[in-house]
Amino acid sequence: MTKVLKFALFIISIGSLISCATSKQPNLSTKTLIIGSKKVDCTGVGPQKCYQIKEDGAEEWSNFYGTIEGFEYKEGYEYQIEVAMTEVENPPADASSLKYKLVKVLKEKQDPYMTLEGTWVIENLEGKTTDPLKTYIAFDPATGRISGYAGCNGLGGSMKYDAEADTLSAGPFMSTMMYCEEVAEHERTLGKVLEQFNKFKVEGEVLTLFKNDEVLVTAKKGENHRDLFRNWEVTQIEGVADLGGNIPNFFLSKDLEANGTGSCNNFKGKFELDAYSTKIKIGPLAATRMMCPENDVEGAFFMQVDKVDRYEVKDKELYLYSGDQLLIKAKRK
């Protein structure tokens with residue numbers, strides 16, 4: 001075989017190897033995506049939360065079931081990002097054939113609508129002082145729901161935000177029908193606010209609701225304590241290894257009254273709350289004076305209750321703390 005022929009075959013072989021190697025490399029392309037300010041419930045392999053996405057210039061949002069490598073998402077913010085897409089060899093039947101990786105974040109802005117999330121405490125309605133623990137508006141942008149309370153009846157309805165016009169419409173509202181003379185005027189005023197407002201502004205911890213350019217009410221970011229006002233059964237007390245059959249129970253009412261049993265003696269008293277935090281002070285409590293031999297639970301319960309300074313409710317359980325130390329844990333009855 002001549003040297004020329006051998007060289008030609010060598011070149012052909014190298015070309016074939018390069019071609020094969022290149023064909024095995026995944027195709028790579030980039031795309032610009034807009035990521036919505038909230039995730040939504042969706043079902044892929046199972047129930048999950050999906051990004052809402054649309055390509056730059058598109059009108060409609062669609063669910064994105066996968067992940068974007070390197071992308072750190074904060075709910076309440078809308079993003080415009082550039083992503084690199086590569087093909088996945090032999091993907092599972094229920095998985096995407098594309099892998100997404102963040103190239104760069106092009107824009108990031110907070111969604112004004114999502115800043116409404118939470119409870120906003122009202123201290124004044126039309127120049128008249130209100131009880132901040134019992135007068136508030138609560139917004140849930142994720143579900144499009146709004147509710148209000150002024151001490152007696154609850155108001156609830158839907159809301160819809162028009163981002164382009166920067167307006168918010170709410171209602172119609174449903175309400176319970178109790179008559180409470182002491183707060184009736186506040187309820188009427190709050191009802192008018194909810195029916196009339198069409199604009200809002202959030203500045204730090206302060207919310208202002210407007211009817212066009214007219215200020216209707218201002219409110220401060222606060223806490224909604226309604227999940228606290230329940231019957232509770234104690235499941236854990238600091239310093240008590242086993243409750244045995246001695247189970248304290250107590251009820252905390254929206255009128256800030258506490259009553260129950262320490263597992264032998266009944267008790268009652270008051271408790272204090274803060275409209276802007278989960279601080280709580282229970283007591284002093286007055287209890288009956290029955291002798292309870294061989295019951296160490298009750299004494300420990302009363303001792304720990306006296307130390308409590310904050311609370312947390314999650315998954316239908318109540319946690320009572322002193323600072324960061326868990327003192328009492330209870331479940332909803």
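The values are calculated or read from the model by the stated rules, or taken from the named source; none is laboratory data. Treat the numbers as computed from the prediction; the structure is a model and nothing was measured. So basically every Cβ, Gly included, is an ideal-geometry build from the backbone, and we count neighbours across all protein chains shown. Surface accessibility is based on the protein's heavy atoms, side chains included, excluding ligands, DNA and RNA. Shrake-Rupley method; radii C 1.70, N 1.55, O 1.52, S 1.80 Å.
Relative to the present Cα-Cα distance, how much length would full extension add between E123 and L98 at 0.36 nm per residue of separation? Gain on stretching E123 to L98: 3.7 nm. A DSSP coil position with no more than 16 other Cβ atoms inside 10 Å describes the following GluC sites (Glu not before Pro) in segment 156-231: E164, E205. Using only side-chain charges placed at the Cβ, +1 for Lys and Arg and -1 for Asp and Glu, the dipole size of the chain relative to its Cα centre rounds to 940 debye. With the alpha-carbon atoms of the chain aligned to their principal axes, the span from lowest to highest coordinate is 114, 62, 30 Å, starting with the largest. Here A142 and A286 are evaluated by their C-beta separation; at R0 = 35 Å the FRET efficiency comes out at 0.20.
Rolling a 1.4 angstrom probe over segment 32-132 with all protein chains present gives an accessible area of which 46% lies on carbon and sulfur atoms. Taking GluC sites (Glu not before Pro) across segment 255-333, the ones in a DSSP loop with at most 12 further Cβ atoms lying within 10 angstrom of their Cβ are E294.
Protein heavy-atom accessible surface, 1.4 Å probe, per residue over the chain: 61 Å².
For the chain, the antiparallel share of DSSP beta bridges with both residues in that region comes to about 100%.
In segment 203-333, the alpha-carbon atoms span a convex hull of 121 Å³ per residue. Taking the Cα centre of segment 195-319 as reference, the dipole from Cβ charges on Lys and Arg (+1) and Asp and Glu (-1) amounts to some 400 debye. Length gained on full extension, D255 to K279, computed as 0.36 nm times the residue gap minus the Cα-Cα distance: 7.0 nm. According to the calculation over all Cα-Cα pairs in segment 180-232, the P(r) per 10 Å bin from zero is 21, 35, 33, 10, 1 %. Taking each of K254/K279; K54/K74; K221/K279; K74/K107; K74/K316; K39/K160 in turn, the alpha-carbon distance tops 19 angstrom for K74/K316.
In this calculation the C-beta distance from Q80 to D242 is compared with R0 = 41 Å, giving a FRET efficiency of 0.10. Positive contributions from Lys and Arg (+1) and negative ones from Asp and Glu (-1), summed over other residues with Cβ under 9 Å from the Cβ of L209, come out at +3. Rounded to the nearest whole Hz, the Karplus-based 3J(HN,Hα) values (6.51 cos²θ - 1.76 cosθ + 1.60, θ = phi - 60°) of segment 254-265 follow the sequence 5, 8, 6, 10, 10, 8, x, 9, x, 3, 9, 9, with x at glycine and proline. Straight-line cross-link reach from K268 at under 15 Å between alpha-carbon atoms covers these aspartates and glutamates, not counting any fewer than eight positions away in the same chain: D255, E257, E298, D306.
Using R0 = 22 Å, the C-beta based FRET efficiency linking K270 and S322 works out to 0.70.
With the simple model of a label 7 Å out from the Cα in the direction of the Cβ, K109 to V206 spans 2.5 nm.
A cut-off of 5 Å between modelled amide H atoms, ignoring neighbours fewer than 5 places along the same chain, links Y276 with E223.
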